[in-house]
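Colleague: Below are the structure tokens for one structure; questions will follow.
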Amino acid sequence: MRVAVAGCCHGELDKIYETLALAERRGSGPVDLLLCCGDFQAVRNEADLRCMAVPPKYRHMQTFYRYYSGEKKAPVLTIFIGGNHEASNHLQELPYGGWVAPNIYYLGLAGVVKYRGVRIGGISGIFKSHDYRKGHFECPPYNSSTIRSIYHVRNIEVYKLKQLKQPVHIFLSHDWPRNIYHYGNKKQLLKTKSFFRQEVENSTLGSPAASELLEHLQPAYWFSAHLHVKFAALMQHQATDKDQAGKETKFLALDKCLPHRDFLQVLEIEHDPSAPEYLEYDVEWLTVLRATDDLINVTGGLWNMPEDNGLHTRWDYSATEETMKEVMEKLNHDPKVPCNFSMTAACYDPSKPQTQVKLVHRINPQTTEFCAQLGITDINVMIQKAREEEHHQCGEYEQQGDPGTEESEEDRSEYNTDTSALSSINPDEIMLDEEEEEEEEEAVSAHSDMNTPSVEPASDQASDLSTSFSDVRNLPSSMFVSSDDASRSPASGEGKCGETVESGDEKDLAKFPLKRLSDEHEPEQRKKIKRRNQAIYAAVDGEDASAE
């Protein structure tokens, strides 16, 4: 089946679906599935905007609300994970996943689903060591600290995913697995993003938690975003059985949705022709959720996951045939994900702005139904009960503080380094103190950028795996596909990794020469494209001054 993968979406759903339609017209058939690697921005209204960890003047409604209201419908089944620029109050309603709009499915804090027999897993958020061992204690209204910590990965989600034993075909994460850059064209990556060099040399670029999952799950494909650069790698895992070859993971990171950026990729993925063409729950994953239900923690205190060290009575929460059979019975032997989307908040109305919409902590009926059927706890219900107890003990309601922020040296996470803080020196981004540009200037800049002479990229035949992926770019006024990347595949395996979408508009191609990725590698040779919402992506939010 044809699977499209998008990098940082930043709310640009219309542009992404338009580009997909273009790819379908110029490709060999319709796209069956779209996977989005975070910063999706499922913003329903003005209150949701206030829950995004960006400065207020860079909060823009974008186009998701049209899909939420039913004005538009996603033309292809869309599955996404959360990043670090999200309407966190909306996604928090669905900790175990669910529909944020018809045909648009969120995987939750962590999750695994099946589509046409392909097993798709993912984990939301980015890694920060000081929050990694905390519980999920945040709830709206967020303060200046919790509006960031809400999207930080927690050890409980990694622990659950590590209970999986059955093969995973595709895995999504927002930030990269640490050290994945050693398995691709690192030389070209550092030429493109020279400010990564120190983190690469210190082995601090990327998420150690994601790296741990990569080593355990060893999926056929791993897709990421966050660092705003296209990068491919091929990781060969060590064989666990002497009679079998080790598995390999094809890694691909994509850019953000902007003109001249490699933000979208279409691949052929092998699937089961006999499998149903609708989204299904993954029974093994649901079994793990049931088994680990007692481990849920909604406090800001630091804690460790059970392990075989003599301190815990149980540390293995993996599924068995018997426990999976119990889950199937609870599902009435029908693992189909119900199409039970319902609106839980008022939708944005451009004609009636509501700047004072109150922030409330909502219980989503999808989560209620899911938890009741599976017999597990709704995290949000636990959080509300904890807040009520706190209110009772204090005698008055106090706005949520920042529990557990301070920590002693011995209490720190086993991962002692955060993901790199890169965006503050990223020459590719617009800093927050720059003035907003007029749309006319944006159009002129974008047009001139398209006509910049191309520069031949440096070649590294030994490690340049990026050539196995074709460019699909969203350009202003005239969207077309660049085939600069060659079709050489790094390894034979599942499907056609190097598909190039053919052009169907020769006039556009003649008028606007194809722009090579190498032009973006040399900031001094190109004009900056300045967009009113672009600074959102480069926001430096204090401790989260990572590449947005």
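Colleague: From the protein chains alone at 1.4 Å, what is the descending order of accessible area for Val200, Val283, largest first? Don't skip to the end; give the middle numbers.
Modeller: Values: Val200 10, Val283 30 Å².
So, going from the largest accessible area down, we get Val283, Val200.
Colleague: On the accessible surface of the range 196-335, probed at 1.4 Å, how many percent belong to carbon and sulfur atoms?
Modeller: 43
Colleague: Which value, in Å³ per residue, describes the convex hull spanned by the Cα atoms of the range 339-390?
Modeller: Expressed per residue, the convex hull around the Cα atoms of the range 339-390 is 83 Å³.
Colleague: Related question: Using only the Cα atoms of the range 150-285, build the gyration tensor, take square roots of its eigenvalues as a ≥ b ≥ c, and label the shape rounded, prolate or oblate: rounded if a/c is under 1.5, else prolate if a/b is larger than b/c, else oblate.
Modeller: prolate
Colleague: Kirkwood Rh and Cα-based Rg: tell me the resulting Rg over Rh for the range 1-65, rounded to two decimals.
Modeller: That ratio equals 1.07.
Colleague: Shifting gears a bit: Keeping all protein chains in place, calculate the accessible area per residue for the range 8-84 (probe 1.4 angstrom), answer in Å².
Modeller: For the range 8-84, the per-residue accessible area is 28 Å².
Colleague: Here's something else I'd like to know. Can you work out the Karplus-derived ³J(HN,Hα) for every residue in the range 53-63? Use 6.51 cos²θ - 1.76 cosθ + 1.60 with θ = phi - 60°, whole Hz, and x for glycine or proline.
Modeller: So the Karplus estimates, Gly and Pro as x, are 7, 9, x, x, 5, 9, 8, 10, 5, 6, 10 Hz.
Colleague: Taking only protein heavy atoms and a 1.4 Å probe, what accessible area per residue, in Å², does the range 142-221 have with all protein chains in place?
Modeller: Accessible area per residue: 32 Å².
Colleague: Ordered by residue, what ³J(HN,Hα) values in Hz, to whole numbers, does the range 208-216 give under the Karplus form 6.51 cos²θ - 1.76 cosθ + 1.60, where θ = phi - 60° and Gly and Pro are x?
Modeller: x, 5, 5, 4, 5, 5, 4, 5, 7
Colleague: Could you give the accessible area per residue of the range 229-297, probe 1.4 Å, as a whole number in Å²? The partial results should precede the final answer.
Modeller: On the way: 2730 Å² over 69 residues.
Per-residue accessible area for the range 229-297 comes out at 40 Å².
Colleague: Pop out the ³J(HN,Hα) list for the range 336-347 in order, Karplus 6.51 cos²θ - 1.76 cosθ + 1.60 with θ = phi - 60°, rounded to Hz; leave Gly and Pro as x.
Modeller: The phi angles translate into 4, 6, x, 8, 10, 4, 9, 6, 10, 8, 4, 8 Hz.
Colleague: Out of the total accessible area of the range 78-117 (probe 1.4 Å, heavy atoms of protein only), what percent is carbon and sulfur?
Modeller: After summing per-atom areas, the C and S share lands at 44 percent.
Colleague: Once you list every other residue whose beta carbon is under 14 Å from the beta carbon of Met235, what net charge do they have if Lys and Arg are +1 and Asp and Glu are -1?
Modeller: Here the charged neighbours net out to +1.
Colleague: I need the GluC sites (Glu not before Pro) found in the range 26-107, filtered to DSSP loop residues with at most 14 other beta carbons within 10 Å of theirs.
Modeller: Glu71
Colleague: How big is the range 86-218 along each principal axis, measuring the range of its Cα positions in Å and listing the largest first?
Modeller: 42, 42, 28
Colleague: Can you list which of the trypsin sites (Lys or Arg not before Pro) found in the range 228-307 are DSSP loop residues with at most 14 other C-beta atoms within 10 Å?
Modeller: On the way: sites: Lys230, Lys242, Lys247, Lys250, Lys256, Arg261, Arg290; in loops: Lys230, Lys242, Lys247, Arg261.
Counting only loop positions with at most 14 other Cβ atoms within 10 Å, the trypsin sites (Lys or Arg not before Pro) in the range 228-307 are Lys242.
Colleague: Students often check this: by mean Cβ neighbours within 10 Å, which of 367-377, 148-158 ranks highest, and how do the rest follow?
Modeller: Numbers: 367-377: 16.5, 148-158: 23.0.
For the peptides 367-377, 148-158, the packing ranking is 148-158, 367-377.
Colleague: Same structure, new question: The range 225-373: D in µm²/s via Stokes-Einstein (Kirkwood Rh, Cα pairs, 4 °C, 1.567 mPa s)?
Modeller: 61
Colleague: Starting from the amide H of Trp222, placed 1.01 Å from N in the peptide plane, find each other amide H under 5 Å away whose residue is 5 or more places distant or on another chain.
Modeller: Here the answer is Phe171, Lys250, Phe251, Leu252, since their amide H atoms fall under 5 Å of that of Trp222.
Colleague: Which of the three applies to the range 52-110, rounded, prolate or oblate, going by the alpha-carbon gyration tensor with a ≥ b ≥ c and a/c under 1.5 meaning rounded?
Modeller: oblate
Colleague: Continuing with this model, one more query. When averaged across all projection directions, what area in nm² does the alpha-carbon convex hull of the range 1-134 cover? It would help to have the intermediate numbers written out before the result.
Modeller: On the way: hull surface 35.4 nm².
With the hull built on Cα positions only, its mean projection is 8.9 nm².
The values are calculated or read from the model by the stated rules, or taken from the named source; none is laboratory data. These figures come from a predicted structure and were not determined experimentally. Cβ atoms come from the backbone with ideal geometry, glycine included; neighbour counts cover every protein chain shown. Just so you know, the surface numbers come from the protein's heavy atoms only, side chains and all, with ligands and any DNA or RNA stripped out. Shrake-Rupley method; radii C 1.70, N 1.55, O 1.52, S 1.80 Å.
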